[in-house]
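Single-structure report; data block below.
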Amino acid sequence: MKKKNLINIFKVSFNLKNKKQLEMFVKKNTRIFELENYDSLAYLKLISKIEKNFNIKINQKNISKMHTFRSAYNFLKSKEKI
């Protein structure tokens, strides 16, 4: 369930309407900056939504490590939020 929440956060943050694009992003480990709708503001919104949804603070060191869906998922898993 929580993984679906994270997928939805990415979907909304980067306006991923195409199901195939979303699936490729999640499964193929595509880098966030490779997304068609990527921009720095969308990335900051993503981080903010993750913090609010999972009740966690993400420091600068960890923000810079979140390049993919998998890295964000693994970070949350390590904090026992997923």
(Q) Please compute the alpha carbon radius of gyration of the chain, then divide it by the globular-protein estimate 2.2 N^0.38 Å. Two decimals is fine. (A) 0.98
Q. Can you give the net charge of the other residues whose Cβ lies under 11 Å from the Cβ of Lys77, counting K and R as +1 and D and E as -1?
A. +4
Q.
Need the list of aspartates and glutamates near Lys4 for cross-linking: C-alpha distance under 13 angstrom, and skip anything on the same chain fewer than eight residues off.
A. Glu23
Q: Over 21 Å between C-alpha atoms is what I'm after, so list which of Lys11/Lys81; Lys45/Lys81; Lys20/Lys52 land there.
A: Lys20/Lys52
Q. Which angle from 0 to 90°, rounded to the nearest 10, does the C-alpha axis of helix 69-78 make with the longest principal axis of the chain?
A. 20 degrees
Q.
Give the residue list of GluC sites (Glu not before Pro) in region 16-64 that are DSSP loop and have at most 14 other beta-carbon atoms within 10 angstrom.
A. Glu36
Q: Could you please rank Ser78, Ser13, Ser48, placing first whichever residue has the fewest other Cβ atoms within 10 Å of its Cβ?
A: Ser78, Ser48, Ser13
Q) Quick one: net charge of Lys28's neighbours, Cβ under 15 Å, K/R +1, D/E -1? A) +2
**Q.** Residues Arg70, Arg31 arranged by fewest to most Cβ contacts within 10 Å
**A.** Arg31, Arg70
Q: About the Cα centre of region 2-77, how large is the charge dipole given +1 on each Lys and Arg Cβ and -1 on each Asp and Glu Cβ? Please answer in debye to the nearest 20.
A: 380 debye
Q) Near the amide H of Thr68, under 5 Å away, which other amide H atoms are found, from residues 5 or more places off or on another chain, if H is placed in the peptide plane? A) Ile32
Q: Report, in degrees rounded to the nearest 10, the 0 to 90 angle that the Cα long axis of helix 40-54 makes with the longest principal axis of the chain.
A: 50 degrees
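Values quoted throughout were computed directly from the atomic coordinates according to the rules given, and no laboratory measurement underlies them. This is a predicted model, so every value here is computed, not measured. Positions of Cβ are backbone-derived with ideal geometry, glycine not excepted, and every protein chain shown enters the neighbour counts.
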